[in-house]
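What follows is a short report on a single structure.
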Amino acid sequence: MARIGVFICHCGENIGRTVDCAAVSAAAAKMPGVVVGVDYKYMCSDPGQQMIRKAIIEQKLTGVVVGACSPRMHERTFRAAAAEAGLNPYLLEMANLREHCSWVHSNQAEATQKAIDLVRVMVAKVRRDRALRPIRVPVEPTALVVGGGIAGIQAALDIAAGGKKVVLVESGPSIGGHMARLSETFPTLDCSQCILTPRMVEAASHPNITLMTYSEVASVEGFVGNFTVTIRRKARYVDPAKCTGCGDCFNKCPIKKIPNKFDAGLGQRRAIYVPFPQAVPNKPVIDAAHCTMLQKGKCGLCAKVCPRGAIDYQDQDRLEKVKVGAVVLATGFQLWDHAAYGEYGGGRLRDVIDGFAFERLASASGPTGGLIKRPSDGKEPQTVVFLQCCGSRDDKVGKKYCSKICCMYTAKHAMLYRHKVHEGRAVVFYMDVRAAGKGYEEFVRRAIEADGAEYVRGRVSRITRRRDGKLVVRGADTLAGRPVTIEADLVVLADAVVPRPGSEKLAQLFGVGYDQDGFYSEAHPKLRPVETAAAGVFLAGACQAPKDIPETVSQASAAAAKVLGLFAKPELEREPVIARVNRTTCAHCRACISACPYGAAKDFDIVDRAGKILRAVADVNEGLCQGCGTCASVCRSHSVDLDGFTDEQIHAELNAL
Amino acid sequence: MKTLGYFPGCSLEGGGIELDLSVRAIAKAAGVELREIEDWNCCGASAAHSLNHSLAVALPYRVLSLAESQGLSEVLAPCAACFSRLKGTQVRLTRSPELSQRMQEVVQRPYQGGVRIININEFMASLLEAGLAQKLTRRLGLKVVAYYGCLLSRGQDIVTGDDAEDPKGMEAAIRAAGCEALPWNSANECCGGGFSMSKTGAVLDLSQAVLDEARAAGADAVVTGCPMCHSNLDMRQLELVKRRRVPGALPILYLSELLGLAAGLEPVALGLDRHFIESRGLVRGGV
């Protein structure tokens, strides 16, 4: 005999203003099977929860309906309260009287009637609820971190410090990411290398961290707690176990003039190379596309000079499987290609460079040894124009969003330039200066007041190169209300921040969502900023949205905390709302197996004691099933049902209307 | 023989008559019939849209309507301003059924929206694709700069298929004529446009800047498709030469003239004798 309690929440005025809650609870009390019908101002508060707990015990309730907000908001809260009073939490259901009723209606009489209907529907459902037990799955306490920039390094170090194992995968030959390319960092002008390289060394030497550089994720199987990830170890052609990093090979390599991406193309490297001298691991790889030995079978000099015999031209890509329980995606960003702006030279003007190129010019370890020299003729520029929002906040040619970091790094660039070229002129064109952050506004003021950067509010309409090599920059000074023309020697464009190429494919491998610009989607923009919709996959750094270093490091540590929280118990509990197959009626037509979007439905052989196969049926993997119900809807023999949302319950809900 | 609607506009009957002559000549050489729209009227350029929005749409609307009723599904408007007015009106009508309805009442003519307007650059590109390229037997060997001005580069919905900030629509035709299209800085800078009469001083300054850039790039001639640009760069150049503001005369050619020369047509048949700046010497051996 059902004994249902109905609890109606006013949600302050949110529901109470539009719905006559007392009338709803009075109507509910008369519904069949209902023994308690009450209403209260804030049901989620402690007195409200106490009211529910007390009724469960005193009235011996077999089911509870809470008429309040969306179950997404407080279902967990109320189910926990029910469990404390000894009721199976899955015997509590919520009727959404706020989002589905009071917030969308204005007529009180109609809204009250609809609220009563919604409660009646849930009473019909709760009468057919079964007690469910959470599903337990074992957890492999090893994390995979994808991306070896500062985000990945920080996340890996924090997880490792928590005593758990980490596999850190980086696609390039060295970890360090973009931060290793920066000269100094805002707002303190710390040398980027000085604060980063010790962490790179720490990550490489930490006993809990396995470093896989020059490697990429090839495929992903499994689910939270139990992922099997296949890593493609790209052919290095150098055996890292034998190599000592002496450098004989890349000092002798005759293929010299390959633009080094690490130096934004301003410097050159050999065909066998380490991207920069402080690389971790400090062991070279051969760039197969440029190596004459690998392309034409001619040369072989590096193998001849290597004292350790570490060069192996026969090396091939290898696939390696790792078992991990959680994943942190930290794939970072790149700069948008300003070639799309014809008015800025369409990428053809050599002295119009991007922010990374300026970083390399200003860096002590850069191709000019930290001297500001322009690419075309190596002369020191006497006037440098910095142009912010190049491709950002421009939905016609570039991106709609603000890239967030450019205001600050442009102020830093102007400052560094003035520190290095005292008589030089630094002109910054800006739309707005967005310097929100600790010490940020002060930093920009310092660039303007102490270091004499000239800030011009307005856009640049055209950059042309004059015969004498000067770049003629024409724009608007919108504060003075007049056009300006500046003859510059170097122009630095603050190109928009965009995700790395291939980031969408990686997201698809892990089942992670991404937005129209390719940035990874967090589970909730405010309350779950490091989780994704895929359980056990977390985000860190600029792969989610443009971020500076402090924010990236914070998010990486947050992701690490989430991973450690997941690993804190040997087993995971998850919601038991999953599909079940009735093996006696299943005809093994395999419709559910082909329909399942998560690969959870699979074949299952029923065997006798001797192991002889009696019959094949469909089965559902509890770990993989997300409870979407697709299988139940395609099953022709009604052999699949969804726990907590059975066909019987849905039909009863419809009949109650 | 392919037939194309033809909208000469006022310019091609007056100051820009060379454009009319050369377009008709090259079309004939390519085997395309140009059928002038009967009873066409002014497109409204430069005056109407600054006075009365309704009139600025009604004038091109009538032209479009006439073309449609005369069975012309594709119309060439060689003048850049006419092209901009006609295509711009077409785009606006497509977007707004209310505007179409209103225009139908104002002009008292129906228009279903079935006319495609093409400019001189698109026309030349289509002729080359249809076989004109093989007929361009005289290799001119000139170094030229392609000058688009505003109306053959701007209006994102109007000049489709080219980059407003880095236009390239003439370059294939220039190369087909055996010429080199030099990179330069003023391809879509302003010539002074319609201020030729009212603010001649400003036009002289702007045209001089364009000519200076063309000369700095090493051009033998400037190639354009717009009669307004042509008159500012050609006619006003006389003044600049006289005042010694430019070191010498720089010929200004229509794209259709350049292709006509390459096709072996007589310079006079193309209207080269009508330019203020002598340009007949560009063809090797003179005329």
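Side notes on the structure shown:
- Residues within region A:168-192 that are under 26 Å from A:K420 (Cα atoms) and assigned to a strand (DSSP E or B), tallied: 4
- One residue from B:R236, B:R175 being of a type in the set (K, R) and farther than 27 Å from B:L132 by Cβ: B:R236
- Evaluation of A:I195 against (1) surrounded by fewer than 20 Cβ atoms within 10 Å (Cβ to Cβ); (2) touching a residue at least 12 places away in the same chain (Cβ under 8 Å) (one fails), failing number: (2)
- Answer residue from region B:198-217, given it is within 18 Å of A:V472 (Cβ to Cβ) and surrounded by fewer than 19 Cβ atoms within 10 Å (Cβ to Cβ) and is farthest from the other protein chains (Cβ to nearest Cβ) among those: B:D205
- The residue of region A:449-490 that is surrounded by the most Cβ atoms within 10 Å (Cβ to Cβ), among those that are in a loop (DSSP other than H, G, I, E, B) and within 14 Å of chain B (Cβ to nearest Cβ), is A:R459.
- Screening region A:314-332 for residues that are surrounded by fewer than 17 Cβ atoms within 10 Å (Cβ to Cβ) and touching a residue at least 40 places away in the same chain (Cβ under 8 Å) and picking the one that is farthest from the other protein chains (Cβ to nearest Cβ) gives A:K323.
- Under the condition of being within 14 Å of another protein chain (Cβ to nearest Cβ), buried (at least 22 other Cβ atoms within 10 Å of the Cβ) and not hydroxyl-bearing (S, T, Y), the residues counted in region A:338-370 number 3.
- Given (1) in contact (Cβ under 8 Å) with a residue 40 or more places away in the chain; (2) more than 14 Å from chain B (Cβ to nearest Cβ), number of the condition A:K373 does not satisfy: (1)
- Near pairs, Cβ below 7 angstrom, 6+ apart or cross-chain, from region B:20-36 (surrounded by fewer than 21 Cβ atoms within 10 Å (Cβ to Cβ)) to any residue that is charged (D, E, K, R) and not in a strand (DSSP E or B): B:A29/B:K135; B:L34/B:R24
- Identification of helices (runs of 4 or more DSSP H) wholly contained in region A:1-99 with 1 or more residues that are in contact with a Phe, Trp or Tyr (Cβ under 6 Å, 6 or more places away or on another chain) yields A:46-58.
- Set A:A435, A:A414: member being away from chain B (no Cβ under 14 Å) and either assigned to a strand (DSSP E or B) or under 29 Å from the mean Cα position of the chain (by Cα) (or both): A:A435
- Region A:162-182 - residue that is in contact (Cβ under 8 Å) with a residue 60 or more places away in the chain and of a type in the set (A, V, I, L, M, F, W, C) and, of those, nearest to A:P550 (Cα to Cα): A:M179
- Set A:Y401, A:Y409: member being in contact with a helix residue (DSSP H, G or I) (Cβ under 9 Å, 6 or more places away or on another chain) and either more than 14 Å from chain B (Cβ to nearest Cβ) or among the aromatic types (F, W, Y) (or both): A:Y409
- Considering residues of region B:156-171 that are touching a Ser or Thr at 6+ places or on another chain (Cβ under 7 Å) and not aliphatic (A, V, I, L, M) only, the residue nearest to the other protein chains (Cβ to nearest Cβ): B:P167
- The set of residues in region B:129-155 being within 14 Å of chain A (Cβ to nearest Cβ), hydrophobic (A, V, I, L, M, F, W, C) and part of a loop (DSSP other than H, G, I, E, B) consists of B:C150 alone.
- Any hit, region B:172-183, residues being under 22 Å from B:I17 (Cα atoms) and either part of a helix (DSSP H, G or I) or within 14 Å of chain A (Cβ to nearest Cβ) (or both): yes
- The residues listed here are A:S633, A:S554; of these, the one that is more than 30 Å from A:I159 (Cβ to Cβ), assigned to a helix (DSSP H, G or I), of a type in the set (S, T, N, Q) and without any contact (Cβ under 8 Å) to a residue 60 or more places away in the chain is A:S633.
- Selection count, region A:322-378, where residues are of a type in the set (F, W, Y) and either more than 31 Å from the chain's Cα centre (by Cα) or assigned to a loop (DSSP other than H, G, I, E, B) (or both): 3
- Some residue of region A:415-436 being surrounded by fewer than 16 Cβ atoms within 10 Å (Cβ to Cβ), charged (D, E, K, R) and touching a residue at least 40 places away in the same chain (Cβ under 8 Å): yes
- Qualifying residue in region A:395-402 (condition: modelled with pLDDT of 95 or more and within 11 Å of A:R434 (Cβ to Cβ)): yes
- So A:L157, is it of a type in the set (A, V, I, L, M, F, W, C) and crowded, with 17+ Cβ neighbours inside 10 Å: yes
- Those residues of region A:392-411 which are part of a helix (DSSP H, G or I) and hydrophobic (A, V, I, L, M, F, W, C), in sequence order: A:C406, A:C407, A:M408, A:A411
- Residue pairs whose Cβ atoms lie under 6 Å apart, separated by 6 or more positions or on different chains, with the first residue in region B:101-121 and of a type in the set (F, W, Y) and the second surrounded by 22 or more Cβ atoms within 10 Å (Cβ to Cβ), are B:Y111/B:L64.
- Filter pass, A:L335 being within 26 Å of A:C543 (Cα to Cα), surrounded by fewer than 23 Cβ atoms within 10 Å (Cβ to Cβ) and more than 14 Å from chain B (Cβ to nearest Cβ): yes
The values are calculated or read from the model by the stated rules, or taken from the named source; none is laboratory data. Keep in mind the model is a prediction, meaning the values are calculated, not measured. Backbone-built Cβ (ideal geometry, glycine too); neighbour counts: all protein chains shown.
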